[in-house]
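Heads up: the structure comes next, in structure tokens.
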There are 2 protein chains.
Amino acid sequence: MLGNFTYCNPTRLYFGEDSLQFLKGELAKYGPVVQLIYGGGSIKKNGIYDQVIAILADCGKTVVEDAGVMPNPTVEKLYEGVKIARENKVDLLLAVGGGSVCDYAKAVSVSIRCEEDPWEKYYLREEEPDCEIVPVGCVLTMVGTGSEMNGGAVITNHAQKRKIGHVFGDEVFPKFTILNPLFTYTLPKYQMVAGIYDIFSHISEQYFSGEDDNTSDYVMEGLYRSLVHSSRIAFRDPENYEARSNIMWTATWALNTMVAKGKATDWMVHMLGQSVGAYTDATHGMTLAAVSLPYYRHILPYGLKKFVRFAQNVWGVSPEGKTDEAIAKEGLAAMEAWMRELGLVMKISDLGATKEMLEGIADGVFLLSGGYKQLSREDVLQILRESM
Amino acid sequence: MLGNFTYCNPTRLYFGEDSLQFLKGELAKYGPVVQLIYGGGSIKKNGIYDQVIAILADCGKTVVEDAGVMPNPTVEKLYEGVKIARENKVDLLLAVGGGSVCDYAKAVSVSIRCEEDPWEKYYLREEEPDCEIVPVGCVLTMVGTGSEMNGGAVITNHAQKRKIGHVFGDEVFPKFTILNPLFTYTLPKYQMVAGIYDIFSHISEQYFSGEDDNTSDYVMEGLYRSLVHSSRIAFRDPENYEARSNIMWTATWALNTMVAKGKATDWMVHMLGQSVGAYTDATHGMTLAAVSLPYYRHILPYGLKKFVRFAQNVWGVSPEGKTDEAIAKEGLAAMEAWMRELGLVMKISDLGATKEMLEGIADGVFLLSGGYKQLSREDVLQILRESM
């Protein structure tokens, strides 16, 4: 049944090949000091950095550089970003990059005026911000996380071997996001397909939960089908604008929080993948890919009806003359074939996970209760072993 | 191809059987004088009026009554609402009702501080507001128009025989909307199914346009399937909470402007239906129902590929051994069967349209260019004749 909910998503999106032109109008709404947040410097190679700097200069902004945000942003980097923001009294955090950079910017935004330790407050104690929040804007250059239109912010603490996401409220959502599919062309294929699987996993985390028949379930089947269709085109032809733009837009739909409204959600694949990430520092989407099939095969008997529906409505499996179990398994086999087609990593051992790490990884997995089966630590270990 | 677009939808939704409790928190954000806008008084019979008045009193608001908004709000009523708002210096327009009441509230909101005639400025000259906009909030009691989360506002001018919609920007969207499926239970079945067809038509106006293969096309197929599924349950059992809540949520999805982003749209069924409405004052959804099949059969050869896809993905038509045309027609036949199942009005003559009116109705039809065929006046007349 569709449960009670509140929904508000005020992020303003500018989508398309000319969308960077709208940055100027957005910058005019904020004060003069902009903290320019980016990653390892790929935006300097592909020219996006120069374009953004030119617009910032044109708007008379003082630019404070905050480079080097890593794929899994660390708590140490978060402290550094907060320090930069405080020392320069920044008025806007402008994230140029992928989900890591957006996530990091949001984590900084709620920490600048916060006197407590943000890791402890937001990630360990799971509290909400009670301080002024510095606005965030995004220019997206890598697709997958949906971070451009939500309040999610994942931070990794290597010392504590924890990678934790906090989902903040709409006051923390980016005020605006520039989505230009052309900006994603230079991304290596490994990153592209990892992002595609991240999108697929976001849909799955929200689809595989609840016995019901919500509007969202139908919408998500559409998102799955669009994603599978476009991913195949983009894999063959990464500069296919139509495919790349549909993937970009599907990523936003998949995690702009709307499809989750009024329904239960799972998120165990992310809990498993994030703990693998905390140990291996592997690419987020690949950690999800490597644990997904063992997890779904493990919970299949408990959510059989939904797996049958998934097989038929997403993968076109014909039900005739088959048991529900056979239909459901055929759906997962179709999903596996698609994953192998894209060259996704199918084993956590291929991401650097060792047998010795498994107990520790299992300790780092938060056991959520929204999925078809409440996992025990033993279940988690079994899934991790099957993911090796 | 997914075109360039800007998207922002800041409306805050409160959904569910307890959602009216959130009205208090929203009212606190606005000044003391509230213009309470409603229709013919059904909210007094079903108790919603009393509940809202109690909350307004509890918040210490001064309530200015603005009752009697008709199903097709007139320009005269608009002038009256503006006068009420100006005389009482209202701080918030609170619409309690269906799409007509929401539409009307939005039209008032952009006219209070506007010195020009709003009918001429917004509806005839199609200009945008350049004045201060008084905020609007909604408590929805009838489902269909999607007006609760967009900028649409249709106004009828009987003297000029024109029913025209203006789609305003996000600064005119309701600031908040309370969506309680229980509030829709007392609606007569005729109004319920008219609203369901309005939703179906909103999806169709956005689906039947463009040769492409956007994420939105897949999402809309999901919305169609959810709507058809839930409509059948609600028709048999109007107090089925799951069905009524899914229909309510689907209505919002269908016209919260997101599925239209980056793609062409049609809207000719609304142009036809609205002109029928200007002459007959018939229920909006029924005017759409009565012109739809003649229109879609007329344009089918020009958008054959999409009609084939509609047949297969929405209605489960098997393509085997059939021509594209046969598949497409089978899809429309399935749609017709569903419409008859719900008891929708299939002829404009059953809504009061006469042969003598047809020329005038045709004159009132705006000829848009986003659909599969650019209609001529002769096409319009032919479709209207086939709708008799």
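Share of antiparallel DSSP beta bridges in region A:118-197, in percent to the nearest 5? The partial results should precede the final answer.
Working: 6 of 10 bridges.
Counting DSSP beta bridges with both partners in region A:118-197, the antiparallel share is about 60 percent.
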Handout entry: Angle between chain A longest axis and helix A:189-207 axis [Cα atoms, degrees, rounded to 10]
Key = 70 degrees
Completion exercise
With one decimal in nm and the nearest listed first, the spacings from A:ARG232 to its own position in the other copies, using label points 7 Å along Cα-to-Cβ, are 2.9
Fill in the blank from the handout: Ordered by fewest other Cβ atoms within 10 Å, a rough proxy for footprinting exposure, B:ASP237, B:ASP213 read B:ASP237, B:ASP213
Problem - Virtual paramagnetic centre 7 Å along Cα→Cβ of B:ASP350, amide N under 18 Å, in region B:244-279 - result: B:273-274, B:276-277
Completion exercise
Listed with the fewest Cβ neighbours within 10 Å leading, A:SER209, A:SER111 appear as A:SER209, A:SER111
Problem - Relative exposure of B:ARG309, A:ARG113, B:ARG244, judged by other C-beta atoms within 10 Å (fewest first) - result: A:ARG113, B:ARG309, B:ARG244
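All other residues with a Cβ under 12 Å from the Cβ of A:VAL172 taken together, and with Lys, Arg as +1 and Asp, Glu as -1, what is their net charge?
Numbers: positive: A:LYS106, A:LYS175; negative: A:ASP103, A:GLU128, A:GLU132, A:ASP170, A:GLU171.
Combined, the nearby Lys, Arg, Asp and Glu give -3.
Starting from region B:74-168, pick out the GluC sites (Glu not before Pro) whose DSSP state is loop and whose Cβ has at most 11 other Cβ atoms within 10 Å.
Numbers: sites: B:GLU76, B:GLU80, B:GLU87, B:GLU115, B:GLU116, B:GLU120, B:GLU126, B:GLU127, B:GLU132, B:GLU148; in loops: B:GLU115, B:GLU116, B:GLU126, B:GLU127, B:GLU132.
Those that pass, being in a loop and sparsely packed, are B:GLU115, B:GLU126, B:GLU132.
Suppose only helical runs count, i.e. DSSP H with n ≥ 4. What mean residue ellipticity at 222 nm does that imply for chain B under -39500 (n - 2.57) per run, divided by all residues and rounded to the nearest 500 deg cm²/dmol? Please list the in-between numbers first.
Working: 14 runs with 176 residues, N = 388.
Estimated from H runs of four or more residues: -14500 deg cm²/dmol.
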Practice task
Return the distance in nm (one decimal) between the two label points of a simple spin-label model at B:ASN46 and A:GLU359, each offset 7 Å from Cα along Cα→Cβ.
Solution key: 6.2 nm
Practice task
Rank-order B:291-301, A:60-70, A:250-260, A:98-108 by packing density, defined as the average count of other C-beta atoms within 10 Å over each peptide's residues, highest first.
Solution key: A:98-108, A:250-260, B:291-301, A:60-70
Exercise for the section: List the relative contact order of region B:132-190 as a percent without decimals, with contacts defined as Cα pairs under 8 Å and 6+ residues apart. Expected result: 45 percent
Handout entry: Separation in nanometres of the label points that stand 7 Å from Cα toward Cβ, at A:ALA333 and B:GLU320
Key = 1.9 nm
Fill in the blank from the handout: Sorted shortest first, the nm distances from the B:GLU120 label point (7 Å along Cα→Cβ) to its counterparts in the other copies are 6.8
Fill in the blank from the handout: Relative to chain A, whose Cα atoms define the longest principal axis, helix A:215-236 and its Cα axis are tilted in degrees, nearest 10, by 80 degrees
Fill in the blank from the handout: antiparallel share of DSSP beta bridges within chain A, to nearest 5, in %, is 20 percent
Fill in the blank from the handout: With Cα coordinates, the longest principal axis of chain A makes an angle with the long axis of helix A:268-280, in degrees rounded to 10, of 60 degrees
Exercise for the section: Using label points projected 7 Å from each Cα along Cα→Cβ, tell me how many nm separate B:ARG297 and A:GLU17, to one decimal. Expected result: 4.2 nm
Practice task
Take the Cα of A:GLU65, step 7 Å along the line toward its Cβ, and report every residue of region A:21-50 whose backbone nitrogen sits under 14 Å from that point.
Solution key: A:35-45, A:49-50
Practice task
Over the whole of B:209-221, what's the average partner chain Cβ count within 10 Å per residue? Rounded to a whole number, please.
Solution key: 6
Practice task
About the Cα centre of chain B, how large is the charge dipole given +1 on each Lys and Arg Cβ and -1 on each Asp and Glu Cβ? Please answer in debye to the nearest 20.
Solution key: 500 debye
Completion exercise
One finds, for A:GLU128 and A:THR6 with R0 = 22 angstrom and r their Cβ-Cβ distance, a FRET efficiency to the nearest 0.05 of 0.95
Completion exercise
Taking R0 as 56 Å and r as the Cβ-Cβ distance between A:GLU116 and B:GLN160, the FRET efficiency 1/(1 + (r/R0)^6), rounded to the nearest 0.05, comes to 0.35
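What does the average come to when, for each residue of peptide B:247-255, you count the partner chain Cβ atoms lying within 10 Å of its Cβ? It would help to have the intermediate numbers written out before the result.
Numbers: counts 1, 2, 10, 5, 1, 4, 6, 1, 0.
Shielding by partners across B:247-255 averages 3.
Where does the charge balance sit around A:ALA260 when Lys and Arg score +1, Asp and Glu -1, over other residues with C-beta under 12 Å from its C-beta?
Details: positive: A:LYS261, A:LYS263; negative: A:GLU205, A:ASP217, A:ASP266.
Once all neighbours under 12 Å are counted, the net charge is -1.
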Completion exercise
One finds the C-alpha centres of region B:193-208 and region A:316-388 to be spaced, in Å, by 39 Å
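Where a number appears in this text, it was derived from the coordinates with a stated rule and is not lab data. Only a predicted model underlies this, so the values are computations on that prediction, with no experimental measurement involved. Please note: Cβ atoms are built from the backbone with ideal geometry, for glycine as well, and neighbour counts cover all protein chains shown.
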